[in-house]
Amino acid sequence: MLALTLLGPLLAALAILSLRRAPETLALIGAALGFVAALGLFVAASDGVTVGIALPFLPDFPIRLIASPLTATLSLLVATVAAMVLIYATGYMRKDPERARFYGTMLLFVTAMQALVLSGDWITLLAAWEMIGFASYLLIGFWHGRAGVVGAATRAFLYTRTADLGLYTGAFVLIGVAGTSEISVTNATTGTPALIAGLLLLIAAMGKSAQVPLQDWLMRAMAGPTPVSALLHSATLVAAGAILLIRTAPMLPGGALLAIGIVGGITAVVTGLIALAERDLKRLLAASTASQYGLMLVAIGAGAPVAALLHLIAHAAIKSSLFLGAGVFQHDREGTGLDTLAGAGRARPGVFAGFAITALALVGLPPMAAFFSKDAIIAAALGSTAAPWLLPLALAGSVLTGAYMGRALNVLWAGEVGPPQKPVPFMTFGMGVLVALAAGLGFGFGALEHMLGAEIEKPGWIVPAMGLAVGLSGLALGWFIAPARLLGPLLAPARNGFAVAGGMDGLILRPVLSIASACEAFEKRLLAAQIGLIRGFGLGTAHLVDRADGALFAFSLWIGQQSLRLGRATGFTDTNGIDAAIFGLVRRMVAAGAQARRLQSGFIHRELALTAIGTALIMAMLLIAPYYF
Amino acid sequence: MPLLTLATFLPILGGLALMALPNRSDRVAHGMSIVATGLVFLITLVIWSRGIVPSGFAQIEEIAWIPAIGASFRLGLDGLSLSLVLLTSLLFFLSAIYSARISERAPSYVVLMLMLETAALGTFMALDGLLFYVFFEVSLVGMYFMIAGWGYEERQRAALMFFLYTFLGSLPLLLAIIGLYLSSGTFDMRAWIDAPPLTGLAAMLALIAMLFTFAVKIPAFPVHTWLPAAHVQAPTAGSVILAGVMLKFGTYGLVRFALQMTPEAFAQAGQVVLAFGVVSALYGAFAALAQTDLKRMIAYTSVNHMGYVVIGVAVAALSVDPQIRVIALDGATLQMISHGLVTGALFFLIGMLQDRAHTREVCDFGGLLGSVPWLGWAFILSAFASLGLPGLAHFPAEFQVFLATLNTAPWAIVAILAIVVTAGLYLRAIAAVFLGERNEKWALMPDLDRREMLVIVPLLILTILVGVAPSWLLNIIHTTMASLSF
C-alpha cells in the first residue's frame, strides 16, 4: 500500500513520458491507483496501525516511509486533491499540444509530494522537498515560450532553494545530535540544538509556504497553468512548509514557537492586504494562500499544531476549488484580470455558486470546513502565552480574508454578463467534488482529531462569535467598499507587494551578482599575476639556458682552436689532411650550435614540446632501466 | 590473469599497434580506439566483480623494477581507487565513441587518448611512489599535446599554461616522494601508509609540498586559474577527460598521499586545508555565475565541486568522531565520481552544442528546447544534477560532506551557500539557452544523433542511479573508508 501510493503516480508518469500516447487516461489511472492506496493507508492508520518501509540509501542512513495517522491523513489529502485536479485538467489542457509533458510532470510532482508527507527520515523529506521544488519549476515554466514565464519559474526555484538552506542545516543539526536521521527520534531533541534547528526549519518553511518576506514568488508562480496553481500553489507544495513545522512540533521550544507565530501573524496581515489590492484573480488567490498559511503558522506558534492541520486540510479543498473556478472563468474570458472577469460569474451561475460556497467557507461561515478550523486557530491564539501578539494578528487576518473574498465575489457577480458559455463537464466535476469537500469536511474533523489522538476542546460561544463577526464584517467591507478607499495610503505599497529596499532583488540578487563580478575581476588580476610569475620563471630559465649554451659554444670553439693550435704545433707533415679534418669538426660544431640556438630562441611552446619529449624519453629509460640493473 | 596490468597497458599497446599498422585511415584509428577502450572497460568490470578486501589493497600485482632502490612495478586496488578506475574506463570509452567524428590527424589523436588512459589508470592503481609519479607526469604530456593539437582558437597558449602550471606544480610532489623514500628505504606506498615514515617538521614539509601539487591539480583557489583557460581551448573529449578523470588525480592524491601518509600533519593543518576548500567552493560558484561562455562556466563549477571534496577530506582529518570521519570520506569520494559523471555529461553536451552552432556564448542561443528536445532535456537533467538536486548523483555526496562539516567545523557550513549560487547560474543558463523565445537562427538545428545518444544516455542513467540508489557504489567506497586508520 505504502509503496503503491508513490509507485502509482510514478509509473504512470514514466509511462506517459516514454509512450507519449493517451496521457489523460494514463494520468487518471496513476492518480486513481495513488488515491486507492492512500485511502487504504488511511483506513489502516485509523485503526491505529503504523506501517513503514526502509530502503538502503547511505550507509547508516536508510530512507524510510511511514504511514502514521498524521502522515496517512496528509497522504489521502494529497491523493484526493491531485485526482480531482487531474480530472479537471483533462478539460482545461484539452487543446495543449504538449499534454504528455504536462501530465508527466504533474504525476512526478504527486510522487514527490507523497514521499514528502510519508517521509520517516530527514533524507527522504529533504529529497522530496527539493523534488517538489524542481517539479514546480518545470510546471510554472510549462509555457516557457511566453513572456515572463521563465523568470517566474526561475524565481520560484531560487527563492525556495535559498530558504532550503535552513532545512539542510536544520536537518544536519538534528542528525548530528541524534546520530540517526529518523524524524521520530530527532523529535526528542531538546535545549539549544532544538532551538537552533527550529529556527532553521522555520526559514525553510517560510520559503515553501511563501511567508513574509519570501512571499513574492508565489504570486508570480501564477504564470503556470491553472491546474498547477490549484494543486501545487494552494494545496500541496505550499503546504510543505506548514507540514514540516507540524511534523516537528513536538520538539519546538518556546522561542522557536514564538518566532513561528509572529512570522505567521505578520504574513496573514501583510499578504491579506496584498490580496485586497490585487487586480488579478489568480494573484489574489495566491496572496490569500500565503495569508492562510500565515494563520496556520499562528496556530503552530500558539502550540496547537492540530488546529493548523485542520485548517491546512480545509484550505486545501477550499483553495483548490477556488482556483479551479477561476480557471473556468479564465477559460471563458481568456484572462484572469479582475477587469476582464467582471460579470463572468453570472454567465456561469453553477460554477459561480461553487466558487461562492468555497469563498464563504474560507471566510469561516458555519457549518463549512474553515469555520471549525479558524475557530480552533483563534481559540489557540487566545489561549497562548503570546496572545497579545497572536490574537490581534489572527483576527486581522480573518477580517482581511472576508474582505478580499467579498471583493472577488462582487467583481465576478456585478458587471456585463456576456454570452452564455458551453458546459465544461470534466472541469465542473473536478471542481464539484472539491466544493463538496470544502463544505462538508468540517463534520469529519472530530473523528480526525480522535484518530490523531489530539482532540481539541470545543470552545464556548465567545470564540465562534468573534470568528463569525470578523469574517462577516470583512465580507461586508470587501463587497461594498472599493479597495482603494479601504486601503487608503496602504494601496500603493500593497500593490507593490510591500517590497522593502527593492525587495529580494535589491537585498539578495544584486549583491550576489556584484560579488560574482568582483570575483571575475579578481580572477583576471590573479591570472595576470600568475602568468607574470610563470613567465618570469620561464624567461629566467631560458636566459640561464641561453647563457649556458653561449658558454658551451664558446668553449667548444676554444677546444677547436686549441686542437688546431696543437695540430699546428706538432708540425705534422700531412698538415692539410689534419687541418681539413679539424676545421671540418669546428665548422660542424658551429653549425650545430647555431641550430641549437634556433631551437631555443623560438616559441616557448616548442621548447616545452621538446621538454615533454625529453621527459617521455627519460620515462622510457626508467621503464627500460631494470634490464640494465 | 594480471588484469590490472593488462587494463593499464592495453590502451597504449593499442596505440602502438595503430602506429605500426600500414593502413592508418581515420576509420581504423577510431575503430582501434573504441575497441581498446571498450575492452579496458570490460576488464575493469571484471576487476570490479573480483572485489576488494575490507582493509588494505586487493588484487595486487607486483614485478621487480629497480630493485637497487626498492622501486617495483606494483599495482593494487581499494575502494577509492576501484571506483575511480571504473569512472576512468567508462569516460575514456565514451570519449572514444564521441571522438569518432574527428578527422584531423585522427591516428595521432587516438594514440594520445590511449596513452592518457594508460597514464590515468596507472595513476589510480599504482602502489609504488615512483611509478605513481611517472604515470602522473605522463598524463600531463598527453594532455598538453591534446590541447595544443586539437583545441580551439588559442590552444597553444592554453596548452602552454596548462603544462607549465601543472608541471611546476608537480615538482614539490617529487620532493615529498623522495623524502618518504629516504626515510623508509622503499617506494612501496603500502609501507608508507601502514607506518607513516615521516614525523614532525619533516612530515609537515612533505605535506605542504604534496598539498601544493594536489591543490594545483584539483584545482583549488588560488591556483585554479589554469583550469578555465585549458577547458575553454581543449577539444570536447579533452575537457571530459580533464574534468572527469585528471582533476581526480588531485583529490585522489589528497586522500592517498596527504591524508594517509602524513596523517598527523594533516590533522594539524586541517583547518587551513578546510579554509582553502571553503574558499574554493564559494569562489568557484561566484566566478561561474559571472561567466557567459558555457564551457568556462562549467569549468568554474568544477572548482566549486572539487572544493566540496577538499572540505570533506579536511573534515575527515579534523574530526575525532569515527562515524563522522567515515561519512566525510564517503561523501568526498562519491563526490569525485558524481562530478566525473555529471561534468562529463555537461562537457559532452556543450561540445555537441558547439559542433552545431560554433559558439558557446549563452546569449547567442534561446528557446533551443523546441528544436533539440533531447539535447535540451539532457542538459537540464545534468544541470540539475550538478546543482545538487536530490535523486541525482551529487546529492548523496554533498549531503554527506555537509552533514560531516556541520558536525565537525560548524563555521565551514557557509560553503553551503554555494548550492544556491550554482542553482542560480544553471537556471540562468537553462533559461537563456533552452527556454524562452526561440531564436530562429537555430530553428533547423538537428537533435542528438545515434552516436551522441550512445555517449550521453549511459551518463544520464548512471547519474540517476547514483542519485536514487547510491548504495551499489557507496558500498565499495564505504568498505575502504570505514577501515582507514589514520
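Readers should treat all values here as calculations from the given coordinates under stated rules, not as data from a laboratory. All figures in this text were calculated on a predicted structure; none of them were measured in a lab. Here Cβ is always computed from backbone atoms with ideal geometry, including for glycine, and neighbour counts include all displayed protein chains.
Worth pointing out:
- Neighbours of A:Met405, meaning other residues whose beta-carbon lies under 14 angstrom from its beta-carbon, give a summed charge of +2 when Lys and Arg score +1 and Asp and Glu score -1.
- Estimated purely from DSSP H runs of n ≥ 4, each contributing -39500 (n - 2.57), the mean residue ellipticity at 222 nm for chain A is -25500 deg cm²/dmol once divided by its residues.
- Residue order, fewest to most beta carbons within 10 Å, for B:Tyr152, B:Tyr98, B:Tyr181: B:Tyr152, B:Tyr181, B:Tyr98
- Relative contact order (percent, whole number), chain B, Cα cutoff 8 Å, 6+ residue spacing: 15 percent
- For residues of B:223-231, the mean tally of beta carbons on other chains within 10 Å: 2
- Oblate is the label for the stretch A:437-527, because the ratio a/c of its alpha-carbon gyration tensor axes (a ≥ b ≥ c) is 1.5 or higher and a/b is not greater than b/c.
- With at most 11 neighbouring Cβ atoms within 10 Å, loop trypsin sites (Lys or Arg not before Pro) (DSSP) excluded, longest segment of chain A: A:96-629
- As a rough footprinting exposure proxy, the listed residues A:Glu130, A:Glu334 were ranked by other beta carbons within 10 Å of their own, and the order from fewest upward is A:Glu334, A:Glu130.
- Shape category assigned to chain B from the gyration tensor of Cα positions, a/c cut at 1.5: oblate
- Alpha carbon convex hull of the stretch A:248-289, projected area averaged over orientations, nm²: 3.3 nm²
- Contact order for the stretch B:281-453, expressed relative to its length and based on alpha carbon pairs under 8 Å spaced 6+ residues apart, stands at 31 percent.
- Prolate/oblate/rounded call for the stretch A:381-477, Cα gyration tensor, a/c under 1.5 rounded: oblate
- Axis angle, to the nearest 10 degrees, between helix A:387-413 and the longest C-alpha principal axis of chain A: 80 degrees.
- Estimated [θ] at 222 nm from DSSP helical runs (n ≥ 4, -39500 (n - 2.57)) normalised by residues in chain B, nearest 500: -24000 deg cm²/dmol
- Note on chain A: Rg/Rh from Cα positions, Kirkwood definition for Rh, rounded to two decimals, is 1.30.
- Footprinting exposure proxy ranking of A:Phe555, A:Phe35, fewest other C-beta atoms within 10 angstrom first, gives A:Phe555, A:Phe35.
- Under a model in which nothing but the beta-carbon of Lys, Arg (+1) and Asp, Glu (-1) is charged, chain B shows a dipole of about 420 debye around its Cα centre.
- Most to least packed among A:299-310, A:66-77, B:6-17 [average Cβ atoms within 10 Å]: A:299-310, A:66-77, B:6-17
- Contact order normalised by residue count of chain A, Cα under 8 Å, 6+ apart, percent: 11 percent
- Rounded to 10°, Cα long-axis angle of helix A:191-208 versus longest principal axis of chain A: 80 degrees
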